[in-house]
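Below is one structure, written out as C-alpha coordinates, with a few remarks after it.
The values are calculated or read from the model by the stated rules, or taken from the named source; none is laboratory data. Please read all numbers here as calculations on a predicted model, not as lab measurements. Methodologically, a virtual Cβ is constructed for each residue, glycine included, from the backbone with ideal geometry; neighbour enumeration extends over all protein chains shown. Only protein heavy atoms, including side chains, enter the accessible area calculation; ligands, DNA and RNA are left aside. Shrake-Rupley method; radii C 1.70, N 1.55, O 1.52, S 1.80 Å.
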Number of protein chains: 2
Amino acid sequence: MTSSKDPILAAFGSRVRQLRKERSLSQEALADEAGLDRSYIGQVERGEKNVSLSNICRISNALNVPPQSLLETIYVHQE
Amino acid sequence: MTSSKDPILAAFGSRVRQLRKERSLSQEALADEAGLDRSYIGQVERGEKNVSLSNICRISNALNVPPQSLLETIYVHQE
DNA sequence: TTGTGACTATAAGTCCGTG
DNA sequence: ACACGGACTTATAGTCACA
(Lines give C-alpha, C1' and ligand atoms only; values in the text may rest on other atoms or scores of the structure.)
Protein backbone atom coordinates (compact mmCIF):
# COMPACT_ATOMS: atom_id res chain seq x y z
CA MET A 1 0.00 0.00 0.00
CA THR A 2 2.99 2.24 0.50
CA SER A 3 3.60 2.98 -3.15
CA SER A 4 0.06 2.74 -4.50
CA LYS A 5 -1.40 6.05 -5.63
CA ASP A 6 -3.64 6.86 -2.71
CA PRO A 7 -5.27 10.27 -3.35
CA ILE A 8 -5.29 10.98 0.38
CA LEU A 9 -1.54 10.56 0.66
CA ALA A 10 -1.03 12.49 -2.56
CA ALA A 11 -3.11 15.40 -1.28
CA PHE A 12 -1.23 15.40 1.98
CA GLY A 13 2.11 15.32 0.21
CA SER A 14 1.17 18.16 -2.12
CA ARG A 15 0.17 20.23 0.85
CA VAL A 16 3.48 19.62 2.58
CA ARG A 17 5.35 20.53 -0.58
CA GLN A 18 3.29 23.68 -1.02
CA LEU A 19 3.98 24.87 2.51
CA ARG A 20 7.64 23.94 2.30
CA LYS A 21 8.12 25.92 -0.91
CA GLU A 22 6.27 28.90 0.52
CA ARG A 23 9.00 28.92 3.13
CA SER A 24 11.78 28.44 0.57
CA LEU A 25 13.02 25.36 2.37
CA SER A 26 14.76 22.42 0.76
CA GLN A 27 13.56 18.93 1.57
CA GLU A 28 16.77 18.53 3.48
CA ALA A 29 16.19 21.65 5.55
CA LEU A 30 12.65 20.58 6.36
CA ALA A 31 13.82 17.10 7.21
CA ASP A 32 16.38 18.56 9.52
CA GLU A 33 13.82 20.71 11.28
CA ALA A 34 11.46 17.79 11.67
CA GLY A 35 14.15 15.35 12.73
CA LEU A 36 13.45 13.12 9.76
CA ASP A 37 15.41 11.85 6.79
CA ARG A 38 15.64 13.93 3.60
CA SER A 39 14.50 11.08 1.35
CA TYR A 40 11.62 10.30 3.67
CA ILE A 41 10.28 13.83 3.21
CA GLY A 42 10.56 13.37 -0.54
CA GLN A 43 8.60 10.15 -0.37
CA VAL A 44 5.93 11.81 1.74
CA GLU A 45 5.59 14.70 -0.70
CA ARG A 46 5.17 12.26 -3.57
CA GLY A 47 2.40 10.45 -1.71
CA GLU A 48 4.43 7.28 -1.33
CA LYS A 49 4.30 7.04 2.43
CA ASN A 50 1.35 6.50 4.69
CA VAL A 51 2.53 8.93 7.34
CA SER A 52 1.78 8.32 10.99
CA LEU A 53 0.17 10.85 13.31
CA SER A 54 3.47 11.42 15.11
CA ASN A 55 5.19 12.34 11.88
CA ILE A 56 2.29 14.50 10.71
CA CYS A 57 2.81 16.54 13.86
CA ARG A 58 6.57 16.63 13.47
CA ILE A 59 6.23 17.96 9.95
CA SER A 60 3.53 20.46 10.86
CA ASN A 61 5.67 21.67 13.70
CA ALA A 62 8.66 22.10 11.39
CA LEU A 63 6.44 24.12 9.05
CA ASN A 64 5.03 26.16 11.93
CA VAL A 65 1.44 25.31 11.16
CA PRO A 66 -1.13 23.41 13.22
CA PRO A 67 -1.30 19.74 12.21
CA GLN A 68 -4.86 19.94 10.95
CA SER A 69 -3.82 22.44 8.30
CA LEU A 70 -1.90 19.66 6.59
CA LEU A 71 -5.18 17.78 6.13
CA GLU A 72 -7.07 20.77 4.77
CA THR A 73 -6.81 19.65 1.17
CA ILE A 74 -8.07 16.15 1.91
CA TYR A 75 -11.68 15.66 1.02
CA VAL A 76 -13.37 12.47 2.05
CA HIS A 77 -16.63 11.41 0.46
CA GLN A 78 -19.41 11.74 3.01
CA GLU A 79 -22.58 9.76 2.43
CA MET B 1 6.82 3.10 22.02
CA THR B 2 3.43 1.59 21.51
CA SER B 3 2.38 1.95 25.12
CA SER B 4 4.24 5.14 26.04
CA LYS B 5 1.96 8.05 26.86
CA ASP B 6 2.35 10.30 23.88
CA PRO B 7 0.10 13.32 24.50
CA ILE B 8 -0.54 13.68 20.78
CA LEU B 9 -1.86 10.15 20.48
CA ALA B 10 -3.80 10.56 23.72
CA ALA B 11 -5.46 13.75 22.48
CA PHE B 12 -6.34 12.09 19.21
CA GLY B 13 -7.78 9.07 20.99
CA SER B 14 -9.87 11.19 23.32
CA ARG B 15 -11.27 13.08 20.37
CA VAL B 16 -12.24 9.87 18.61
CA ARG B 17 -13.91 8.59 21.76
CA GLN B 18 -15.76 11.85 22.23
CA LEU B 19 -17.15 11.83 18.70
CA ARG B 20 -17.98 8.15 18.87
CA LYS B 21 -19.98 8.57 22.07
CA GLU B 22 -21.80 11.59 20.66
CA ARG B 23 -23.05 9.18 18.03
CA SER B 24 -23.87 6.44 20.53
CA LEU B 25 -21.68 3.98 18.70
CA SER B 26 -19.86 1.08 20.29
CA GLN B 27 -16.19 0.59 19.51
CA GLU B 28 -17.21 -2.46 17.55
CA ALA B 29 -19.75 -0.54 15.49
CA LEU B 30 -17.21 2.17 14.74
CA ALA B 31 -14.60 -0.43 13.84
CA ASP B 32 -17.06 -2.07 11.51
CA GLU B 33 -17.88 1.22 9.80
CA ALA B 34 -14.22 2.03 9.40
CA GLY B 35 -13.22 -1.45 8.30
CA LEU B 36 -10.87 -1.82 11.25
CA ASP B 37 -10.51 -4.18 14.15
CA ARG B 38 -12.52 -3.73 17.35
CA SER B 39 -9.49 -4.03 19.61
CA TYR B 40 -7.55 -1.62 17.46
CA ILE B 41 -10.14 1.12 17.96
CA GLY B 42 -9.84 0.58 21.70
CA GLN B 43 -6.08 0.94 21.53
CA VAL B 44 -6.38 4.09 19.47
CA GLU B 45 -8.81 5.67 21.91
CA ARG B 46 -6.44 4.88 24.77
CA GLY B 47 -3.57 6.59 22.90
CA GLU B 48 -1.66 3.37 22.50
CA LYS B 49 -1.36 3.44 18.73
CA ASN B 50 0.36 5.76 16.32
CA VAL B 51 -2.39 5.88 13.71
CA SER B 52 -1.53 6.27 10.04
CA LEU B 53 -3.04 8.93 7.79
CA SER B 54 -5.12 6.34 5.95
CA ASN B 55 -6.67 5.19 9.17
CA ILE B 56 -7.22 8.71 10.41
CA CYS B 57 -9.33 9.23 7.30
CA ARG B 58 -11.09 5.90 7.66
CA ILE B 59 -12.07 6.75 11.20
CA SER B 60 -13.09 10.31 10.35
CA ASN B 61 -15.18 8.98 7.50
CA ALA B 62 -16.87 6.47 9.78
CA LEU B 63 -17.66 9.33 12.17
CA ASN B 64 -18.88 11.55 9.33
CA VAL B 65 -16.47 14.35 10.12
CA PRO B 66 -13.63 15.83 8.08
CA PRO B 67 -10.27 14.29 9.02
CA GLN B 68 -8.81 17.53 10.32
CA SER B 69 -11.49 17.70 12.99
CA LEU B 70 -9.86 14.69 14.65
CA LEU B 71 -6.70 16.75 15.11
CA GLU B 72 -8.48 19.79 16.50
CA THR B 73 -7.59 19.00 20.09
CA ILE B 74 -3.89 18.55 19.31
CA TYR B 75 -1.83 21.56 20.19
CA VAL B 76 1.79 21.67 19.16
CA HIS B 77 4.18 24.12 20.73
CA GLN B 78 5.09 26.80 18.20
CA GLU B 79 8.29 28.71 18.72
C1' DT C 1 18.62 19.40 -4.78
C1' DT C 2 15.55 15.70 -5.61
C1' DG C 3 13.71 10.91 -7.28
C1' DT C 4 13.95 6.25 -6.63
C1' DG C 5 14.51 1.24 -5.26
C1' DA C 6 16.10 -1.56 -1.89
C1' DC C 7 16.74 -2.78 2.59
C1' DT C 8 16.19 -4.05 8.03
C1' DA C 9 14.00 -3.15 12.42
C1' DT C 10 10.07 -2.05 14.64
C1' DA C 11 5.43 -0.85 15.09
C1' DA C 12 0.87 -1.24 13.05
C1' DG C 13 -2.95 -3.80 12.80
C1' DT C 14 -5.62 -8.53 13.08
C1' DC C 15 -7.43 -12.40 15.39
C1' DC C 16 -7.95 -15.20 19.10
C1' DG C 17 -9.16 -15.16 23.76
C1' DT C 18 -9.90 -13.55 29.08
C1' DG C 19 -12.14 -10.90 33.05
C1' DA D 1 -19.52 -3.08 25.79
C1' DC D 2 -14.89 -2.49 27.06
C1' DA D 3 -9.82 -3.31 28.76
C1' DC D 4 -6.28 -6.12 28.19
C1' DG D 5 -3.17 -9.78 26.68
C1' DG D 6 -0.50 -13.19 23.41
C1' DA D 7 0.69 -14.54 18.92
C1' DC D 8 0.67 -13.48 14.47
C1' DT D 9 1.09 -11.04 9.65
C1' DT D 10 1.90 -6.90 7.19
C1' DA D 11 3.00 -2.09 6.82
C1' DT D 12 5.66 1.88 8.09
C1' DA D 13 9.85 4.05 9.86
C1' DG D 14 14.01 5.24 8.80
C1' DT D 15 18.28 4.94 6.09
C1' DC D 16 21.30 4.26 2.08
C1' DA D 17 23.52 4.33 -2.57
C1' DC D 18 22.91 5.92 -6.84
C1' DA D 19 20.53 8.02 -10.99
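Could you list, in sequence order, the residues of region A:1-50 that are within 11 Å of chain B (Cβ to nearest Cβ), within 11 Å of DNA strand C (Cβ to nearest atom) and of a type in the set (S, T, N, Q)?
If the condition is that a residue be within 11 Å of chain B (Cβ to nearest Cβ), within 11 Å of DNA strand C (Cβ to nearest atom) and of a type in the set (S, T, N, Q), then A:THR2, A:ASN50 are the ones that fit.
Would you mention how many residues in region B:38-67 are open to solvent by less than 50 Å² (accessible area, probe 1.4 Å) and either among the basic types (Lys, Arg) or part of a loop (DSSP other than H, G, I, E, B) (or both)?
Residues flagged as open to solvent by less than 50 Å² (accessible area, probe 1.4 Å) and either among the basic types (Lys, Arg) or part of a loop (DSSP other than H, G, I, E, B) (or both) within region B:38-67 amount to 4.
Residue check: is B:ILE56 among the β-branched types (Val, Ile, Thr), within 12 Å of chain A (Cβ to nearest Cβ) and within 11 Å of DNA strand C (Cβ to nearest atom)?
For B:ILE56, the condition - among the β-branched types (Val, Ile, Thr), within 12 Å of chain A (Cβ to nearest Cβ) and within 11 Å of DNA strand C (Cβ to nearest atom) - is met.
Look at A:GLN78 and say whether it is of a type outside the set (Val, Ile, Thr) and modelled with pLDDT of 95 or more.
Here the answer is no, as A:GLN78 does not meet what is asked.
Just checking, which of A:LEU30, A:LEU70 is part of a helix (DSSP H, G or I) and closer than 19 Å to B:ILE74 by Cα? Give the steps one after another, and end with the answer.
Working: A:LEU30 fails: closer than 19 Å to B:ILE74 by Cα.
One residue alone meets the criteria, A:LEU70.
In this structure, does B:ARG15 turn out to be in contact (Cβ under 8 Å) with a residue 24 or more places away in the chain, surrounded by 13 or more Cβ atoms within 10 Å (Cβ to Cβ) and under 25 Å from A:ARG58 (Cα atoms)? Give the derivation first.
On the way: in contact (Cβ under 8 Å) with a residue 24 or more places away in the chain: yes; surrounded by 13 or more Cβ atoms within 10 Å (Cβ to Cβ): yes; under 25 Å from A:ARG58 (Cα atoms): yes.
The answer is yes for B:ARG15.
Looking for something under 19 Å from A:PHE12 (Cβ atoms) and free of Cβ contacts under 8 Å to residues at least 60 places away in the same chain - is there at least one such residue anywhere in region B:26-40?
Here is the first cut: in region B:26-40, the residues under 19 Å from A:PHE12 (Cβ atoms) are B:34.
The next check asks that each one be free of Cβ contacts under 8 Å to residues at least 60 places away in the same chain; those that pass are B:34.
Yes, the conditions are met somewhere in region B:26-40.
For region B:7-47, what are the residues that are in contact with an Asp or Glu (Cβ under 9 Å, 6 or more places away or on another chain) and of a type in the set (D, E, K, R)?
Selection gives B:ARG15, B:ARG17, B:ARG20, B:ARG38.
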